[in-house]
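These notes are about the structure you will find just below.
The values are calculated or read from the model by the stated rules, or taken from the named source; none is laboratory data. This is a predicted model, so every value here is computed, not measured. No Cβ is skipped: glycine too gets one built from the backbone with ideal geometry, and neighbour counts run over all protein chains shown. Keep in mind that these areas ignore ligands, DNA and RNA; they rest on the heavy atoms of the full protein, side chains included. Shrake-Rupley method; radii C 1.70, N 1.55, O 1.52, S 1.80 Å.
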Amino acid sequence: MRPQGSPVALEQRRRRAVTLLSHGYQPHEVAQMLGVDRRSVRRWKRAHRLQGAEGLRARHTPGRPPKLTAAQRRTLIRWILRGPEALGYPTALRTCRRIAQLIGARFHIAYHPDHVGRLLRACGFTPQRPQRTAKERVDERVRARIHSD
């Protein structure tokens, strides 16, 4: 599991550990002072001994590369801001299914609707869900009942 904190803060903690070790503290003491496992302190000590300061540097955390490029994301954001009706949909509802269809049609990239919500949040939006109504519902009777109360 990745430790909490920014890459810069984690690097500072590793540097602090090496400094404490150089002042004569034992790895288990440094671990207790910094609130980490003693094995981490030993790993940092070994990295510093083998690679110097470079061994303690923050590294980019690897992960799956995004399906959409930065330019495609900007284009997607512009389309979302225009609204679903401008893109040919009958209502102004921005659903994950619609966004997935839009990405597939315009960029030829397959996104499962269940994962589009994460993409929308990364772009500063939230997915919208259609309001469910019963098939048996008769709107006129509902309105009549509301007005009679």
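Screening R97 against (1) out of contact with any Phe, Trp or Tyr (no Cβ under 9 Å at 6 or more places or on another chain); (2) modelled with pLDDT of 90 or more; (3) closer than 30 Å to T19 by Cα leaves a single unmet condition, (3). For the range 58-77, the condition holds for at least one residue, the condition being that it is in contact with a helix residue (DSSP H, G or I) (Cβ under 6 Å, 6 or more places away or on another chain), under 30 Å from V18 (Cα atoms) and not charged (D, E, K, R). Here the helices (runs of 4 or more DSSP H) wholly within the range 60-149 that include at least 1 residues being within 24 Å of the chain's Cα centre (by Cα) are 70-82, 96-107, 113-122. Of the residues making up the range 32-52, those that are under 27 Å from G63 (Cβ atoms), open to solvent by 40 Å² or more (accessible area, probe 1.4 Å) and polar (S, T, N, Q) number 1.
Within the range 13-31, at least one residue is part of a loop (DSSP other than H, G, I, E, B), free of Cβ contacts under 8 Å to residues at least 40 places away in the same chain, surrounded by fewer than 13 Cβ atoms within 10 Å (Cβ to Cβ) and not polar (S, T, N, Q).
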